[in-house]
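Single-structure report; data block below.
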Amino acid sequence: MKKFLKIAVLPMIVGLSACAGGGSGYGSAEAVLKPTQGNTASGTVSFKQEGSNVLVNASVSGLKPGAHGFHIHDKGDCSAPDATSAGGHFNPGGKAHGHPDHADHHAGDMPQLMADASGNASLTASLPGLTIGDGAANIVGRGVIVHAAPDDFKTQPTGNSGARVACGVIAAR
C-alpha cells in the first residue's frame with residue numbers, strides 16, 4: 001500500500017515543481033545583442049524565471065557614456081538596419097509606457113542601462129509578471145533593444161529613447 005501511495009504522489013510532486021519554476025516554460029533564456037547599422041553596441045542579456053518574476057542580467061559594451069533606454073520589444077526580428085523590424089515595446093496588458101517600478105508600464109519596460117566612461121553597462125533587475133516560455137507574458141522569441149538616449153519614462157509610447165543602437169532576439173536555453 002505504501003509503495004502504491006509513493007507512486008501515486010510522485011506525478012503530483014513533479015507537477016508542483018513545474019508550477020514553482022514558472023510552469024512548463026524553459027526557465028532561462030538569452031539574447032545576444034548586435035549593433036544596428038552605424039553603431040558599435042553589443043552584449044548579452046540573460047533571463048531566468050524566478051517564481052512570478054524574471055531576473056534580467058545584462059552586459060553591454062560600445063555605448064556612449066550615460067543612460068540608455070532598454071526594452072523588450074514585441075517582435076524577435078532584428079533584420080532592419082535600424083531594428084525597427086522589432087516593432088514596439090512588448091505590451092500584452094495594453095498599458096501606458098512607464099517606469100518598471102510603477103504599476104502602470106509596458107511589460108517590456110526595463111530599467112535604464114547606465115554606461116560608464118568606457119561605454120560599458122551592466123544591469124541586474126527583477127521584472128514582475130513576465131514568463132519564459134508560457135502564456136501571454138512569454139518573452140521567448142521577442143526582441144531586446146538598447147536605445148541611444150535615456151528613457152524619460154513619460155513620453156508615449158517609447159519614452160523618447162531615440163534610435164535603436166543594438167538588437168537581439170530572446171531564445172530559450
For this session: Please determine, in degrees from 0 to 90 and to the nearest 10, the orientation of helix 2-20 with respect to the longest principal axis defined by the Cα atoms of the chain, where the helix direction is its Cα long axis.
Result: 10
Problem set entry | Pairwise Lys count, the chain - Cα closer than 26 Å, eight or more residues apart or different chains | 10
Problem set entry | Taking the chain and dividing mean pair separation by its residue count, relative contact order in percent (alpha carbons under 8 Å, at least six apart) | 29
Exercise. Based on Cα positions only, what radius of gyration and what Dmax would you give for the chain, in angstroms?
Worked result: 18.1, 70
For this session: Rank Lys64, Lys95, Lys48 by mean-square fluctuation in a GNM of the chain with C-alpha springs under 10 angstrom and give only the top-ranked residue.
Result: Lys95
Seminar exercise, completed: Across Leu123, Leu63, Leu33, the residue with the highest GNM fluctuation in the chain (Cα network, 10 Å cutoff) is Leu123
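What is the gain in length, in nm to one decimal, between Met114 and Asn57 on full extension, counting 0.36 nm per residue of separation less the C-alpha to C-alpha distance? Spell out each step's value before the answer.
Numbers: separation 57, 0.36 × 57 = 20.52 nm, distance 1.33 nm.
Contour length minus the Cα-Cα distance gives 19.2 nm.
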Seminar exercise, completed: Of Gly162, Gly108, Gly141, the most mobile residue in a GNM of the chain (C-alpha springs, cutoff 10 Å) is Gly162
Exercise. Hey, what did the range 80-157 get for relative contact order, percent, Cα under 8 Å, at least 6 apart?
Worked result: 26
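Every number in this text was worked out from the coordinates using simple rules, so none of it is lab data. For clarity, every value in this text was computed on a predicted model and none was experimentally measured.
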